[in-house]
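Single-structure report; data block below.
The values are calculated or read from the model by the stated rules, or taken from the named source; none is laboratory data. Only a predicted model underlies this, so the values are computations on that prediction, with no experimental measurement involved. Positions of Cβ are generated from backbone atoms using ideal geometry, with glycine treated the same way; all protein chains shown enter the neighbour counts. All accessible areas refer to the heavy atoms of the entire protein, side chains included, with ligands and DNA or RNA removed. Shrake-Rupley method; radii C 1.70, N 1.55, O 1.52, S 1.80 Å.
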Amino acid sequence: MLASEYDLLYVAPERLLTPRFLNLITRIRIALFAIDEAHCVSQWGHDFRPEYSQLSVLHERFPRVPRIALTATADMDTRQEIIERLGWRWPGYLFPVLIALTSDIKLLINQ
């Protein structure tokens, strides 16, 4: 990873939030954080995956790296909760952006 051999690295929040991994990724150039299954950030989701509720650390430690949140199941209230829990502020995010291929996928983008 330190040799920048990867274009994409998919990491579970449980691994990402370990001190060792957070320290490791401070030593590489990150172009984007994509938060998959972003509905797990919401009140009902983080009971199942508690590390999702801690993902605001990405902005705290990497404030210049853009973040996107991906979800196919979040209703409007859940989307608003995702925005709040990730610490996104206006301006700086566009919400929601729909992918033309399928209307079931919604993106929350923080630039």
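Shown here for the range 5-86: GluC sites (Glu not before Pro) in loop regions (DSSP other than H, G, I, E, B) with at most 12 other Cβ atoms within 10 Å, namely E5.
The trypsin sites (Lys or Arg not before Pro) of the range 1-61 meeting both criteria, a DSSP state outside H, G, I, E and B (loop) and at most 12 other C-beta atoms within 10 angstrom of the site's C-beta, are R27, R29.
Put T78, T73 in order of accessible area, highest first, and with a 1.4 Å probe you get T73, T78. Taking chymotrypsin sites (Phe, Trp or Tyr not before Pro) across the range 1-82, the ones in a DSSP loop with at most 12 further Cβ atoms lying within 10 angstrom of their Cβ are Y6, Y10, W44, F48.
Say R0 is 35 Å: what FRET efficiency, to the nearest 0.05, do E5 and M76 get from their beta-carbon distance? Between E5 and M76 the formula returns 0.30. For the range 7-88, the solvent-accessible area works out to 60 Å² per residue, with a probe of 1.4 Å and every protein chain left in place.
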